[in-house]
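Everything below concerns the one structure shown next.
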């Protein structure tokens, strides 16, 4: 019976003393309150139960969601911003010894930095230069978390929520901007068309018959549409030759002999 108890104690001791550390984790060991040099792992690590205290530290990239932050930009625009922070532990010893909870500390500092940095820029820059804001936030956070053995790899602003009234104002501004572009494009088209018409007028002025041909072509296009009623303006110049010919024919009819000059 004592032998069985001894074997059970030995098995439990070995089970508590042997730790298998994965490749993506490290084991920080404290023996009687003092840290044992470098972190242990990966692989099999032996510890002394009831004497050693271990802290598991992951080396993989972790994400930290920054809660929605109410900010006021430099031009007094109120907005709610959410972001996400990507970080990883590069020094397990510092992450355990220098800060009580590096994840919570990084979250609090990320919220403060987000409000302070975005409060220094104008609203238009916040919308159009989001990549620059991400780089600046990443640099500030990385500099602050470096003494904790934490490397901030990236910061991304996920969303910028605006009050409903401001959304309507921005929509009206965008609509007015598009109307402005449409009017400018229309004016440019009218200007180009007027130049073409001026060039055409010069050509028609040198060759008057082109105007008559253009009228006849337009008449044929209207007739092809099979309209029941066609109203087509005819210039007087076009009828001068016809009227002159009709007048000459009337003077040459029988009963109206041509008058001689004598």
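The values are calculated or read from the model by the stated rules, or taken from the named source; none is laboratory data. Treat the numbers as computed from the prediction; the structure is a model and nothing was measured. Because the Cβ atoms are built from the backbone with ideal geometry, glycine has one as well, and the counts that use them run over all protein chains shown.
Give the residue, chosen from 3, 28, 51, 66, that is modelled with pLDDT under 85 and not assigned by TED's automatic domain parsing to the domain that holds residue 170.
3
Does residue 175 qualify as being modelled with pLDDT of 70 or more and within 30 Å of residue 127 (Cβ to Cβ)?
The answer is yes for residue 175.
Would you tally the residues in region 77-99 being more than 15 Å from residue 117 (Cβ to Cβ) and at pLDDT 90 or above?
Counting residues in region 77-99 that are more than 15 Å from residue 117 (Cβ to Cβ) and at pLDDT 90 or above gives 16.
Can you say whether residue 81 is free of Cβ contacts under 8 Å to residues at least 40 places away in the same chain, within 45 Å of the chain's Cα centre (by Cα) and surrounded by 13 or more Cβ atoms within 10 Å (Cβ to Cβ), as far as the supplied structure shows?
Numbers: free of Cβ contacts under 8 Å to residues at least 40 places away in the same chain: no; within 45 Å of the chain's Cα centre (by Cα): yes; surrounded by 13 or more Cβ atoms within 10 Å (Cβ to Cβ): yes.
The answer is no for residue 81.
Go through region 25-64 and report how many residues are surrounded by 11 or more Cβ atoms within 10 Å (Cβ to Cβ) and either closer than 30 Å to residue 158 by Cα or touching a residue at least 60 places away in the same chain (Cβ under 8 Å) (or both).
Counting residues in region 25-64 that are surrounded by 11 or more Cβ atoms within 10 Å (Cβ to Cβ) and either closer than 30 Å to residue 158 by Cα or touching a residue at least 60 places away in the same chain (Cβ under 8 Å) (or both) gives 10.
So, restricting to strands (runs of 3 or more DSSP E) that lie completely within region 1-85, which ones have at least 1 residues that are in contact with a helix residue (DSSP H, G or I) (Cβ under 7 Å, 6 or more places away or on another chain)?
Because the criterion is at least 1 residues that are in contact with a helix residue (DSSP H, G or I) (Cβ under 7 Å, 6 or more places away or on another chain), the strands (runs of 3 or more DSSP E) in region 1-85 that meet it are 25-31, 43-46, 52-58, 62-72.
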